Structures are given as C-alpha cells and as structure tokens.
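Working notes for the structure below.
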Amino acid sequence: MACLDVSEILDDLDLCDKCKVIHRVTETVNGRKLARGIEHMIVAVIQPASPIEIQQLASQVGPGFVGETLSIWTREKLTIGSDGTLGDLIDFKAQRYSVASVEDFFANGRYYHALATRFGDV
C-alpha cells in the first residue's frame, strides 16, 4: 500500500484548526496517585472520522458503541492510555475527546494521525 505525504496541508492555515491538547500524567502526592494535565494549543487538520476509520477503531477497542469520532492529523505526538499511563485529551469546539488510536507517520512526513472519541463537554 502506498503512503501519501499529507504533511504539507499541516502548514496550510486555511485547512488547519487550533485545539487544546491535555497531556495527562500521574504523580504521587502524600502516597496517593493524582492525575495532572499539561495543556497547550496545537494546530491540526481535524475532521469527522470516516466509516472505515470508525470500523477499524471498533475492532481495536472492542465491541460496543463508538460515539462521535474525530480524525486528527498533526505534527504533535499524541498518546493513548495504556497500563499505568493516561491518554491525551483533545478540547475542540467546546467538546472533549479522548485519543483512542495513533498512527506514527514521523518517518514519512513528520506527522501523526489519531482517532479521538467524544466523551463530554468542556
């Protein structure tokens, strides 16, 4: 399968949106684990996920309903939650999304493609 280098559109301000990324980290305070968010703004191409992307995400996260999902292309490295770590959150247009899947295209244009599912309002 051929890879397309879409990194040029990440620099086109007509196609990009700004959103807030919250990198969540855990720290131990007085013997208790607490989650803390490090927030900053990024520029990304954001659009609704395609039916194929939603189907791929459903097969990754397991059976059940996958709600509103965004497809995000950015130069910012996004992370998903795993054992002992918390995944990133995205605030976009007064909605909060959790990063559920990340593809690394750093070697082919220095960008990342992520899928994020909505779980609440900001």
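The values are calculated or read from the model by the stated rules, or taken from the named source; none is laboratory data. The structure presented is a predicted model; accordingly, all values stated were derived computationally and were not measured. As a convention, Cβ positions derive from the backbone with ideal geometry for all residues, glycine included, and neighbour counts pool all protein chains shown. Note: accessible area is taken over every heavy atom of the protein model, side chains too, but ligands, DNA and RNA are not part of it. Shrake-Rupley method; radii C 1.70, N 1.55, O 1.52, S 1.80 Å.
In the condition set (1) open to solvent by 80 Å² or more (accessible area, probe 1.4 Å); (2) at pLDDT below 90; (3) within 17 Å of Ala100 (Cα to Cα); (4) assigned to a strand (DSSP E or B), Gln56 is compliant with all but (4). Selection of segment 59-76 for residues being more than 26 Å from Arg36 (Cβ to Cβ) and either open to solvent by 80 Å² or more (accessible area, probe 1.4 Å) or of a type in the set (Lys, Arg) (or both) yields Ser59, Gln60, Pro63, Phe65, Glu68.
I'm checking my understanding of the structure. Among residues of segment 77-102 that are of a type in the set (D, E, K, R) and farther than 13 Å from Ile46 by Cα, which one is surrounded by the fewest Cβ atoms within 10 Å (Cβ to Cβ)? Restricting to residues being of a type in the set (D, E, K, R) and farther than 13 Å from Ile46 by Cα, the top hit is Asp83. Looking across segment 10-53 at every residue that is under 23 Å from Lys93 (Cβ atoms) and acidic (Asp, Glu), the one that is least open to solvent (accessible area, probe 1.4 Å) is identified as Glu53.
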